[in-house]
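Written below as structure tokens is the structure these notes are about.
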Amino acid sequence: MGLLHSPDRGRHHPTPGDRTAQEDPAAREGPPNDPTPDAPLTGAQPVGVEPVGVDAVDPAPSDERPEHTRRRRRPGPFTLLALPGLTVVLGFAGVMAATGRLPSPWSEDSDAHPATAGSSATDRVDASYVPWLREAARTCSLLKPSVLAAQIDRSSGWNTDPATLSGTVGIAGFTKSQWRTWGKDADGNGKSSPRDPVDAIMALARQDCALAEDVTRLRTRGTVSGDLLDLTLAAYTVGTDSVTRAGRVPATARTYLTEVKDLSARYRTFDREENANPGTGKASGVLAPPVTTLVISSPFGSRKHPLTGVTKLHTGVDFAAPRNAPVSAARQGQVVFAGMTKAYGNRVVIDHGTIGGRRLETTYSHMSSLLVTAGQSVETGTAVGFVGSTGLSTGPHLHFEVLVDGAYTDPMPWLAVAR
């Protein structure tokens, strides 16, 4: 049904040159309800056509409305009903996402999130593996079950399906050549295989401990510096040669270290049995003073190196002392290193065995000369050298370090005179 129009309203109004179109009967048809659809226009030219033969005159005033303008479309019923509902749904989804209640797009067994699948990381480990992780960690004092578990998680996500592993085999990710070096039949089933989780766990511990021995020797000689576990993990992922060239943890290994440390925190429950009765490893007065007078010129802790300008951990205590003052062993033990190094100058490292179940070592650096050799046994108070300023040093002093399970610690609480 069309809108009601006057005879002229809504029609095409031809220009003077559109005579043919004006005479077209179809063009003159009005709306169905036009009261005079075919009435001829008498005594006047068609509306919109200038008079012929006379000057144009202004049209007479008319009370007709202006031409029909396009009306603004109002929202339809779908918009009015659907838009509020959509807003509510989106708002609810936003709240659920913010509170972590939306389901993950990955299934719990997805490899996309190996460290976080399931309710906890430990739930992903077969319970029968945990005693073997603890047994493997006893291979050397550096290791903990949580560290081994983190390495395996980082390597394979505890996936025992070899078809999903690329280039390496088993949960610990051994290559064929690596397995020939480290692999053994650990569980006594008559076969050594990297696909056997128990064999793989024990082999990983053997590999880590061998790397720890390598970097310990490098650190003892002053070739590298840093935390023993960090250096060991770096050697595992990029190789001992890369660590040696860098003299510290190389930049290429930092991502791996960060990931393993983050993962190991999730497996700390595996360490509980291991540390059920660990003892403190400290006892007041277990070490004798290495020099006669303990005047501290630089304490243990972070500092800016006076020569290199680099701010990092000062791994020991500097005792100011006259040049050629005697330096003595702080406790009985065996000399594991005695020689010249670039950074520490003349340096001695003594292994004191275990105290409270933890391995204890002391070091003596920057000496002018040495009185002991590697492999020699010493007693508390045995002279090992003389105060000097060799290596990276600004003046005569003794740089004295205490290491517990390979980690640097503040020496002062260990000394008999410390209060």
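The values are calculated or read from the model by the stated rules, or taken from the named source; none is laboratory data. Everything numeric in this text was worked out from a predicted model, so none of it was measured. Cβ sites come from the backbone with ideal geometry, for glycine too, and all protein chains shown count toward neighbours.
Applying a threshold of 7 Å to beta carbon distances and a minimum spacing of six or more residues, or different chains, the list of pairs starting in region 359-373 at a residue that is touching a residue at least 60 places away in the same chain (Cβ under 8 Å) and of a type in the set (A, V, I, L, M, F, W, C) and ending at one that is in a strand (DSSP E or B) and buried (at least 17 other Cβ atoms within 10 Å of the Cβ) reads Leu360/His352; Leu360/Val404.
Residues of region 321-338 that are in a loop (DSSP other than H, G, I, E, B) and either farther than 10 Å from Val378 by Cα or of a type in the set (A, V, I, L, M) (or both): Ala321, Pro322, Arg323, Asn324, Ala325, Ala329, Ala330.
The one condition from (1) surrounded by fewer than 19 Cβ atoms within 10 Å (Cβ to Cβ); (2) touching a strand residue (DSSP E or B) at 6+ places or on another chain (Cβ under 6 Å) that Gly190 does not meet is (2). Run down Ser128, Ser119, Ser107 and say which single residue is modelled with pLDDT of 50 or more and of a type in the set (S, T, N, Q). One residue alone meets the criteria, Ser128.
Within region 313-351, the set of residues being polar (S, T, N, Q) and surrounded by fewer than 17 Cβ atoms within 10 Å (Cβ to Cβ) comprises Asn324, Gln332, Gln334. Of all residue pairs spaced 6 or more apart or on separate chains, those with beta-carbon atoms under 6 Å, a first member in region 143-159 that is in the same structural domain as Leu228 (by TED's automatic domain parsing) and a second member that is of a type in the set (D, E, K, R) and not in a helix (DSSP H, G or I) are Gly157/Asp111. Entry remark, region 284-300: residues being farther than 23 Å from Ile355 by Cβ and among the small types (Gly, Ala, Ser) number 2 in total. Remark: Ala203 matches the filter, which requires a residue to be over 30 Å from Thr341 (Cβ atoms), modelled with pLDDT of 95 or more, of a type in the set (Gly, Ala, Ser) and surrounded by 20 or more Cβ atoms within 10 Å (Cβ to Cβ). Within region 290-312, restricting attention to residues that are hydrophobic (A, V, I, L, M, F, W, C) and more than 39 Å from the chain's Cα centre (by Cα), the residue that is surrounded by the fewest Cβ atoms within 10 Å (Cβ to Cβ) is Val295.
Taking the criterion of being of a type in the set (Phe, Trp, Tyr) and outside any strand (DSSP E or B), the only residue of region 365-419 that qualifies is Trp414. Taking region 236-286 as the range and being assigned to a loop (DSSP other than H, G, I, E, B), at pLDDT 95 or above and among the β-branched types (Val, Ile, Thr) as the test, only Val249 passes. Does Asp262 satisfy the criteria of being surrounded by fewer than 15 Cβ atoms within 10 Å (Cβ to Cβ), under 28 Å from Gly157 (Cα atoms) and either charged (D, E, K, R) or not assigned by TED's automatic domain parsing to the domain that holds Thr373 (or both)? Taking the combined requirement at face value, the residue satisfies it.
Between Val378, Val402, the distinction of being within 25 Å of Cys209 (Cβ to Cβ), at pLDDT 90 or above and aliphatic (A, V, I, L, M) belongs to Val402 only. Inspect region 345-357 for any residue being assigned to a loop (DSSP other than H, G, I, E, B), more than 27 Å from Leu143 (Cβ to Cβ) and not small (Gly, Ala, Ser) and give the result as yes or no. The answer is no, given that none of the residues of region 345-357 is assigned to a loop (DSSP other than H, G, I, E, B), more than 27 Å from Leu143 (Cβ to Cβ) and not small (Gly, Ala, Ser). Scanning region 346-366 for residues that are more than 15 Å from Gly316 (Cα to Cα) and not basic (Lys, Arg) gives Asn346, Asp351, His352, Gly353, Thr354, Ile355, Gly356, Gly357. Considering region 213-235, and only residues there that are outside any helix (DSSP H, G or I) and of a type in the set (S, T, N, Q), the residue that is farthest from Lys342 (Cα to Cα) turns out to be Ser225.
Taken residue by residue, region 379-387 has at least one member that is touching a residue at least 40 places away in the same chain (Cβ under 8 Å), of a type in the set (Val, Ile, Thr) and within 20 Å of Arg217 (Cα to Cα).
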